[in-house]
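Okay, so here's the structure we're looking at.
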Amino acid sequence: MSNSQALTTPKKVSTSEVIMTEMVLPQHTNALGSVFGGTVMSWVDIAAATCAMRHSSRQVVTASVDALHFLAPIRLGWIVTIKASINFVGGTSCEVGVKVTSENPISGETFHTASAYLTFVSLDSHNRPTPMPGLILENDEQRRRHSAAEIRRATRLKLKSDLQARKGQS
């Protein structure tokens, strides 16, 4: 198999999944003792970019963040787990879903604290968009996530088109 074939051969979702763990330290927190939203955003982007790079075997850039929902605070001293996996692959881009959970290590309680969807573009050696490997869906959960990602992609592309059309009118 040539290197270019290897770069476009479809891959399983599990091949590129990322699980990242962080401990909440004082420098991560605000005056309320909970994590800064920007810190969570940075962790989400790092985990998602790592996932997209694993899938594409190339450099990637963040193209968009469709949604980042903060669902519960994360406190000083807690353990944060960031899970990222590919939901959908287009021609040169992919959507990565990220789930953030936190754990109070004293009580053992866990909380779903944030979710996000990010789009990444795969780059060639000249920093131009280049094809990404396809995606092999292996179970119902992956198929459900893929279907939802298709809807988000269509919505994203329509919004882009509508905004460009409006810009041309002004």
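The values are calculated or read from the model by the stated rules, or taken from the named source; none is laboratory data. Computed from a prediction, not measured in an experiment: that's the story for all the values here. Cβ sites come from the backbone with ideal geometry, for glycine too, and all protein chains shown count toward neighbours.
Couple of notes before you dig in:
- Scanning the range 127-160 for residues that are in contact with a strand residue (DSSP E or B) (Cβ under 6 Å, 6 or more places away or on another chain) and hydrophobic (A, V, I, L, M, F, W, C) yields M132, L135, I136, A149.
- Screening A31 with (1) surrounded by fewer than 19 Cβ atoms within 10 Å (Cβ to Cβ); (2) touching a residue at least 24 places away in the same chain (Cβ under 8 Å) gives one miss only, at (2).
- Checked against the criterion of being more than 30 Å from A72 (Cα to Cα), among the hydrophobic types (A, V, I, L, M, F, W, C) and surrounded by fewer than 20 Cβ atoms within 10 Å (Cβ to Cβ), the candidates L163, L159 yield just one match: L163.
- Residue count, the range 33-58 (criterion: assigned to a loop (DSSP other than H, G, I, E, B) and at pLDDT 95 or above): 3
- Checked against the criterion of being surrounded by fewer than 18 Cβ atoms within 10 Å (Cβ to Cβ) and over 16 Å from the mean Cα position of the chain (by Cα), the range 84-98 has at least one qualifying residue.
- Index of the failed condition, I151 passing every other in (1) of a type in the set (V, I, T); (2) over 30 Å from L25 (Cβ atoms); (3) touching a residue at least 12 places away in the same chain (Cβ under 8 Å): (3)
Okay, residues lined up against (1) aliphatic (A, V, I, L, M); (2) more than 24 Å from L157 (Cα to Cα); (3) touching a strand residue (DSSP E or B) at 6+ places or on another chain (Cβ under 7 Å):
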{"site": "S14", "(1), (2), (3)": "no, yes, no"}
{"site": "L25", "(1), (2), (3)": "yes, yes, no"}
{"site": "M41", "(1), (2), (3)": "yes, no, yes"}
{"site": "A49", "(1), (2), (3)": "yes, no, yes"}
{"site": "H55", "(1), (2), (3)": "no, no, yes"}
{"site": "Q59", "(1), (2), (3)": "no, no, yes"}
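- Reported count of residues in the range 118-132, each being touching a Ser or Thr at 6+ places or on another chain (Cβ under 9 Å) and either of a type in the set (S, T, Y) or surrounded by 14 or more Cβ atoms within 10 Å (Cβ to Cβ) (or both), is 10.
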